[in-house]
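A quick write-up on the structure given underneath.
The values are calculated or read from the model by the stated rules, or taken from the named source; none is laboratory data. Since the model is a prediction, treat every value here as computed from it, not as a measurement. Neighbour counts run over all protein chains shown; Cβ positions are idealised from the backbone, glycine included. These area figures cover heavy atoms from the full protein model, side chains too; ligands, DNA and RNA do not enter into them. Shrake-Rupley method; radii C 1.70, N 1.55, O 1.52, S 1.80 Å.
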Amino acid sequence: RIIGTSPARLDSPEKLRGAARFGLDTRVPGQLFVAIARSPVFGAKPRSWDAAAAKARPGVREVLQVDSGIAVAATSTWAALQARDALRVEWEGGETTLSSESIRAMFAAKLAEGSPDVKAYRDEGDLDAALAGAARTLTAEYHLPFLAHASIEPLNCAAHVQADGAEIWAPTQAPQWPLGQLARLLDLPPERIKLHTTLVGGAFG
């Protein structure tokens, strides 16, 4: 009944009306919003930070250091973003020379030296013999810059964590995988965690 037909998508009407609920649309009573000041380069950590200006902004409830930077919790997204931008953070360490150009040079060097990191995904026939016997050959090289596999909707989740259980709202593509991570992170059995899978604002890459 389905193969060979073009059934209508069930999610299109809600998306067209703007009624579809994505992860960032989650709202629960007493919810706070968090924005994180992250390092401008890979691997750097905060050496020092001053939160006075951030804490003075309206709606800010907490400023604290987390693994990925300095987090600001506030009563609205706007308040969190404004307070994050008011933070004064000095970073240390990290890779400051990584760029599209340095990545391209690294790849070129690995190709030239026959590095085991370089993998051929398809290898069939005798290319050398075919090129040697060809009347004319064309050569082209294609390079792509470093691109994050990132969605249009910023990565996000909402969490209501209590001593005896947790409720999570997340735009995840694989619900079972984060459930295990959440259980370890929160020190709760998986059956005490309720995970709501929302729509994800995709167009990755």
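For residue 137, the criteria (1) surrounded by 10 or more Cβ atoms within 10 Å (Cβ to Cβ); (2) farther than 22 Å from residue 188 by Cβ; (3) of a type in the set (Val, Ile, Thr); (4) at pLDDT 90 or above hold in every case but one, which is (1). Evaluated against (1) open to solvent by less than 80 Å² (accessible area, probe 1.4 Å); (2) assigned to a loop (DSSP other than H, G, I, E, B), residue 121 falls short on exactly one condition, (1).
For segment 46-86, name all the residues that are in a strand (DSSP E or B), among the β-branched types (Val, Ile, Thr) and surrounded by fewer than 18 Cβ atoms within 10 Å (Cβ to Cβ). Write out each step before concluding.
Let us first name the residues in segment 46-86 that are in a strand (DSSP E or B), namely 46-50, 60-66, 69-74.
With among the β-branched types (Val, Ile, Thr) added as a condition, the list becomes 60, 63, 66, 70, 72.
Selection gives 66 alone.
In this entry, residue 97 passes the filter for residues that are within 30 Å of residue 39 (Cα to Cα) and exposed (fewer than 10 other Cβ atoms within 10 Å of the Cβ).
Residues of segment 142-177 being under 24 Å from residue 30 (Cα atoms) and either acidic (Asp, Glu) or not in a strand (DSSP E or B) (or both), which ones?
Keep residues of segment 142-177 that are under 24 Å from residue 30 (Cα atoms), which gives 153-172.
Correct list: 153, 154, 155, 156, 157, 163, 164, 167, 171, 172.
Okay, residues lined up against (1) open to solvent by less than 50 Å² (accessible area, probe 1.4 Å); (2) closer than 24 Å to residue 12 by Cβ; (3) in contact with a strand residue (DSSP E or B) (Cβ under 7 Å, 6 or more places away or on another chain):
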| residue | (1), (2), (3) |
| --- | --- |
| 127 | no, no, no |
| 166 | yes, no, yes |
| 174 | yes, yes, no |
| 194 | no, no, yes |
| 201 | yes, yes, yes |
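Once segment 30-45 is narrowed to residues that are among the aliphatic types (A, V, I, L, M) and not in a strand (DSSP E or B), the residue that is nearest to residue 89 (Cα to Cα) is 44. Of everything in segment 1-51 that is small (Gly, Ala, Ser) and touching a helix residue (DSSP H, G or I) at 6+ places or on another chain (Cβ under 9 Å), the residue that is farthest from residue 196 (Cα to Cα) is 51. Being open to solvent by less than 100 Å² (accessible area, probe 1.4 Å), more than 18 Å from residue 147 (Cβ to Cβ), at pLDDT 80 or above and not basic (Lys, Arg) is the filter here, so list the residues in segment 100-118 that pass it. Matches in segment 100-118: 108, 109, 112.
Residues in segment 140-151 that are without any contact (Cβ under 8 Å) to a residue 12 or more places away in the chain and not small (Gly, Ala, Ser) were compared, and the one that is most open to solvent (accessible area, probe 1.4 Å) is 142.
Name the single residue that is farthest from residue 69 (Cα to Cα) among those in segment 87-116 being outside any strand (DSSP E or B) and of a type in the set (D, E, K, R). Explain how you work it out, then say what you get.
Going residue by residue through segment 87-116, those that are outside any strand (DSSP E or B) are 87, 93-94, 96-116.
Now drop any that are not of a type in the set (D, E, K, R), which leaves 101, 104, 110, 113.
Numbers: 101: 27, 104: 28, 110: 33, 113: 38 Å.
By that ranking, first place goes to 113.
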